[in-house]
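Student: Have a look at this one before I ask anything.
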Amino acid sequence: MDFEKQQQAFRNAKPSLIGRGFEKITSPVGGAVAGFVPNGLVRGVLKGIDQAIGTPQLVKFNHDLSDLKACHDAAERVAIAVRAISGTTGAASGIGGILTMGLDIPATIALALRCIRDTGRAYGYDGKGARERLFRLQILELASINDKKQRAERLAALEAGIGADGSLSEVPPEEIDPVIEQAVERVSRALAIALFRRRVGAAVPLVGSVIGGAVNVSFQGDIGEAARFAYQERRLRAGEA
């Protein structure tokens, strides 16, 4: 497997097709629908869930962490499990149309964060510490952006924080909390737009079930790809150091 080629393909990729499609179709009313759920609520859910680092893994694995392909395959298993779970909850929340379409948002965010955390574990990173938490937030933000320019900017920022040996750049202890707060704010805005605007079509009962499931699968697919890129990049740099 050509991992370097895989990494470059992610850098050059456009935002996901289904994400861009829903953004385009729903842009006239997406902002209004997003307004039903305040950013503050998304932010609170985001902060609370990401602090729960001790929740069980979604997929059990016991592979050789020195084998990069085995790490990649374990991460793929995590992504497949997350898409299956989130697709089911998205379909269920869409059955009642606009009255129920936002009910699985906390679960969607929780699954996304667990996907990122477990992907890190698949590559040998336990995710402990404030700097690792910031890295996870950067991944979540990157996966939530559908604007090409913004995506390139956030990708560059994420890569800039990875050292030549795969470690994360140091942030002074007195600065890490404000930096994380800023990241949470950016991620909250990105998620409010990405999750709610994509779900406008789910406002129609029954039809919304299909759309809700498809949107969740697409979103979690974006999360899985961004997480694999980020942690794989760290491993590749560590191997070269």
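Student: Taking the Cα centre of the range 109-188 as origin, work out the dipole magnitude from +1 charges on Lys and Arg Cβ and -1 charges on Asp and Glu Cβ, in debye rounded to 20.
Tutor: Around 440 debye, computed over the range 109-188.
Student: Something else now. Which pairs in the list Lys60/Lys128; Lys47/Lys128; Lys60/Lys148 are over 26 Å apart, alpha-carbon to alpha-carbon?
Tutor: Working: Lys60/Lys128 19 Å; Lys47/Lys128 15 Å; Lys60/Lys148 35 Å.
Correct reply: Lys60/Lys148.
Student: Each label point is 7 Å from the Cα along the Cα-to-Cβ direction; what then is the distance between the points at Lys14 and Asp126, in nm?
Tutor: Using points 7 Å along Cα→Cβ, the separation is 4.3 nm.
Student: How would Val217, Val184 rank on accessible area, largest to smallest, probe 1.4 Å?
Tutor: These residues rank, largest area first, as Val217, Val184.
Student: Once the cut-off is 15 Å, how many percent of the Cα-Cα pairs in the range 141-183 end up in the long-distance tail?
Tutor: Details: 494 of 903 pairs.
Percentage above 15 Å: 55.
Student: Going through the range 128-198, which GluC sites (Glu not before Pro) have at most 12 other Cβ atoms within 10 Å and a DSSP loop state?
Tutor: Answer by residue number: Glu170.
Student: Apply 1/(1 + (r/R0)^6) to the Cβ-Cβ distance of Ala152 and Asp64, taking R0 = 41 Å, and write down the FRET efficiency to the nearest 0.05.
Tutor: Computed FRET efficiency for Ala152 and Asp64 comes out at 0.75.
Student: Aspartates and glutamates within cross-link reach of Lys149: Cα-Cα under 20 Å, excluding same-chain residues under 8 positions apart?
Tutor: Glu23, Glu141, Glu159, Glu185, Asp222, Glu225
The values are calculated or read from the model by the stated rules, or taken from the named source; none is laboratory data. Since the structure is predicted, the reported quantities are computational estimates derived from the model, not experimental observations. Here the Cβ is made from the backbone with ideal geometry for all residues, glycine too, and neighbour counts use every protein chain on show. The accessibility values were calculated without ligands, DNA or RNA, using every heavy atom of the protein model including side chains. Shrake-Rupley method; radii C 1.70, N 1.55, O 1.52, S 1.80 Å.
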